[in-house]
Amino acid sequence: MKSYLRALAFLTVAPLPFIRFEKGGEDLTAAAVAFPLAGATLGLVLAASAYAIMLILPPYPMAVVVMALSFFLTRGLHFDGLADTADGLMGTTDREKAFKAMKDSAIGVMGAAVLLFVYLLKLSLLAGLTPGAIPAAVFLMIVAGRWAIVCSGSWFPPARDRGLGDLFLRGLKPAVFFKASLVAILMLILVFLWKPDLLLPGAIGVLVALGVAYLLALYASYRLGGLTGDILGAASELGELFFLIGYFVILQSGDTAEPIYRTVILLAERI
């Protein structure tokens, strides 16, 4: 329970003044196991909001409101990480210049452009889904984004030995990822029991999200010699985007995926 509350306090604006983090970063690292569960909590709030908003607004305004709520409920934590990562990894070619660009509080041209493109894609993909598939998409997108943080951070060292992000990364190990994955998989199973027809798009979307997060971490480690807190924020944002891409593509495959859907549902009924 403590790990869950710490994860919720760190990842959202939930009013939990009694939660404290030690300077060594061990508490935050331990909380990483519960990141998918904290994501599921936020995802439930956003999914319910999406459902309610669709009762009075068309899909595109609904998507804008949901993305705005996500931003404010997380203090723009990962939003900032995506912008800084784009400025550092795409706006420069030198390692030290990359660190300097990522540390700069001002958003550069590359960061602004990437934020624009990522959020336009998120909005378009959400609005393009059938209404019945949107609440589950919002929920799973948020879970996948927080799972992606743990996935990207568990395999590579911190780029520098300074700051909370580096202390957090130093404590992340593959074992933390596997424990977090058990929690995340449980969340997925609950959704798929509720809507079996979303098993394939949901599972593919999650796999794509985690794969992209790992590749981002691999590239960042190659460029910087390790990861930073900003890289983890970018992994979350890109994880959400690529979850939606995988989810959308499989749902739109129509007749091509129909035999697979039938087989999966038949197996689920027999189990």
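With only Lys, Arg, Asp and Glu charged, each at its Cβ (+1 for the first two, -1 for the last two), find how big the charge dipole of the chain is about the Cα centre; round to the nearest 20 debye.
520 debye
Which residues in segment 79-102 place their backbone N less than 15 Å from a point set 7 Å from the Cα of Val109 along the Cα-to-Cβ direction?
The answer is 87-88, 90-93, whose backbone nitrogens lie closer than 15 Å to the label point.
Note down the relative contact order for segment 83-149 as a percent, whole number, built from C-alpha pairs under 8 angstrom at least six residues apart.
28 percent
Sort Asp104, Asp230 by Cβ crowding within 10 Å, fewest neighbours at the top.
Ranking Asp104, Asp230 by Cβ neighbours within 10 Å, fewest first, gives Asp104, Asp230.
Calculate for the chain the 222 nm mean residue ellipticity that helices alone would give, adding -39,500 (n - 2.57) per DSSP H run of length 4 or more and normalising by residue count, nearest 500 deg cm²/dmol. Don't skip to the answer; put the middle values down first.
Working: 13 runs with 206 residues, N = 271.
For the chain, the value works out to -25000 deg cm²/dmol.
What is the Å³ per residue value for the convex hull set by the Cα atoms of the chain?
129 Å³
Pairing the Cα long axis of helix 109-128 with the longest principal axis of the chain, what angle in degrees results, from 0 to 90 and rounded to the nearest 10?
The angle comes out near 10 degrees.
Report, to the nearest 10°, how far helix 258-270 tilts away from the longest principal axis of the Cα atoms in the chain, using its own Cα long axis and a range of 0 to 90°.
Between the helix axis and the principal axis of the chain, the angle is about 90 degrees.
Tell me the label-point distance for the pair Lys173, Ile185, using the 7 Å Cα-to-Cβ offset, in nm and rounded to one decimal.
It is 2.0 nm.
Using only Cα atoms, tell me the angle between helix 199-224 and the longest principal axis of the chain; keep it within 0 to 90° and round to the nearest 10.
Compared with the principal axis, the helix lies near 10 degrees.
Rule-based calculations on the coordinates, nothing more; no lab input. Keep in mind that this is a model prediction, so the values were computed, not measured. Because the Cβ atoms are built from the backbone with ideal geometry, glycine has one as well, and the counts that use them run over all protein chains shown.
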